[in-house]
Amino acid sequence: MNKQPINLKWMRIPKDIREKLLNNVWCSNCRGVVRAVEYSVEDNKMGLVIKGNCASCGDKVVRVIENE
Ligand SMILES: [Zn+2]
């Protein structure tokens, strides 16, 4: 399951910040902040979009990181 292309904008974010972002994804099923696993990162006109699965329940989670 490692076929996602690496997003360069994402990789330019320091690793500790990336970890924080991944650990702060809202899951509507858990109704709380969860960790995203098996994620991919896509470019979007708003910024970056993390699409993954909730580490707790496995539901789909999405987080948008807006451009500064
Ligand atoms: Zn969940």
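Of all aspartates and glutamates in the structure, the ones whose alpha carbon falls short of 13 Å from that of Lys60, not counting any fewer than 8 places away in one chain, are Glu38.
Take the alpha carbon gyration tensor of the chain, find the square roots of its eigenvalues, order them as a ≥ b ≥ c, and report rounded if a/c is under 1.5; if not, report prolate when a/b exceeds b/c, else oblate. Judged from the Cα gyration tensor, the chain comes out prolate (a/c at least 1.5, a/b above b/c).
Computed 3J(HN,Hα) for the range 17-34, one whole-Hz value per residue from the Karplus formula 6.51 cos²θ - 1.76 cosθ + 1.60 where θ = phi - 60°, is 6, 4, 4, 5, 5, 5, 8, 10, 10, 7, 10, 6, 6, 7, 6, x, 7, 9, glycine and proline marked x. Between Lys9 and Cys57, what FRET efficiency follows from the Cβ-Cβ distance if R0 is 22 Å, with the result rounded to 0.05? Efficiency, from the Cβ-Cβ distance: 0.20.
Under a model in which nothing but the beta-carbon of Lys, Arg (+1) and Asp, Glu (-1) is charged, the chain shows a dipole of about 60 debye around its Cα centre. Sequence gap at least 6, Cα distance under 8 Å: using those rules, report the relative contact order of the chain to the nearest whole percent. With pairs under 8 Å counted, the relative contact order is 26 percent. When peptides 27-33, 58-64, 14-20 are ranked by their average number of other Cβ atoms within 10 Å per residue, the highest-first order is 58-64, 27-33, 14-20.
None of the figures in this text is laboratory data; all of them are computed from the coordinates on show. Remember, predicted model here, so these are calculated numbers, not experimental data. Cβ: placed from backbone, ideal geometry, glycine included. Neighbour counts: every protein chain shown.
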